[in-house]
Amino acid sequence: MNIYNLSIEINIDLYKRILLFAAQLKSRIVFIIREPEKINKEFFKLMENEKLLFFRNTKEWPGTISLKEYSLYCYEFDEGSVCRITGLVPELWDWISPDFPEDISFLRTNGKPWFISITHEKDCYFILDESEKKVVENILGENLLILQESIEESDIIVVKEKNAGSFLPNPNDVY
């Protein structure tokens with residue numbers, strides 16, 4: 001597997017193309033909520049329309065190993081999700097606390113991420129094999145990806161349902 005950076009700055013158009021591609025792949029979307037009491041209430045209302053697969057507290061998620069534990073959410077993701085999410089969170093770098101969750105990533109069905117963002121650092125990258133790279137560049141744009149490094153499969157943080165909770169905080173709750 002290889003880590004690829006983008007050869008261009010991510011803009012609104014590329015962000016939307018990544019989201020649409022994720023929907024076509026039937027990827028799962030994951031993100032972290034650091035301070036649920038500060039999250040935009042409209043975000044929680046929006047996520048009521050999405051299918052929550054699992055929730056858990058963790059110190060590890062794609063792209064990050066933290067000293068503190070935060071809430072990781074995993075949802076199904078489809079074309080309807082793209083429209084709803086971009087209506088509220090129009091740019092990748094808008095995924096940042098305190099208003100919104102952080103660090104959206106897209107997972108393959110086996111739980112391995114193929115797109116990772118660390119939004120407070122304005123960093124994102126892809127983890128792909130050579131054939132996946134060709135597909136991504138065919139959909140998102142030729143020469144879009146630059147090889148950063150090769151990694152072992154065992155170095156990839158896999159997101160699975162172990163120790164998962166089963167609820168989404170109610171946006172009407174007082175924290």
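Observations on the structure shown:
- Of all residue pairs spaced 6 or more apart or on separate chains, those with beta-carbon atoms under 9 Å, a first member in region 120-146 that is under 30 Å from Pro98 (Cβ atoms) and a second member that is open to solvent by 90 Å² or more (accessible area, probe 1.4 Å) are Tyr125/Gln148.
- Matching option when the condition is open to solvent by 60 Å² or more (accessible area, probe 1.4 Å), in a loop (DSSP other than H, G, I, E, B), at pLDDT below 95 and at positive phi, among Asn110, Asn143: Asn143
- So Arg56, is it among the basic types (Lys, Arg), open to solvent by less than 80 Å² (accessible area, probe 1.4 Å) and in a strand (DSSP E or B): yes
Quick grid of which residues meet (1) at pLDDT 95 or above; (2) surrounded by 16 or more Cβ atoms within 10 Å (Cβ to Cβ); (3) under 24 Å from Gln24 (Cα atoms):
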{"site": "Leu46", "(1), (2), (3)": "no, yes, yes"}
{"site": "Ser71", "(1), (2), (3)": "yes, yes, no"}
{"site": "Gly87", "(1), (2), (3)": "no, no, yes"}
{"site": "Trp95", "(1), (2), (3)": "yes, yes, yes"}
{"site": "Glu102", "(1), (2), (3)": "yes, yes, yes"}
{"site": "Leu128", "(1), (2), (3)": "yes, yes, yes"}
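- Subset of region 87-110 [touching a Phe, Trp or Tyr at 6+ places or on another chain (Cβ under 8 Å) and among the polar types (S, T, N, Q)]: Ser105
- Evaluation of Glu9 against the conditions (1) within 26 Å of Asp129 (Cβ to Cβ); (2) of a type in the set (Asp, Glu); (3) crowded, with 16+ Cβ neighbours inside 10 Å shows that the sole unmet condition is (3).
- Members of region 37-48 that are under 20 Å from Ile118 (Cβ atoms) and not in a loop (DSSP other than H, G, I, E, B): Lys38, Phe43
The values are calculated or read from the model by the stated rules, or taken from the named source; none is laboratory data. What you see is a predicted model; the values in this text were computed from it and never measured. Backbone-built Cβ (ideal geometry, glycine too); neighbour counts: all protein chains shown. Surface areas here come from the heavy atoms of the whole protein model, side chains and all, with no ligands, DNA or RNA. Shrake-Rupley method; radii C 1.70, N 1.55, O 1.52, S 1.80 Å.
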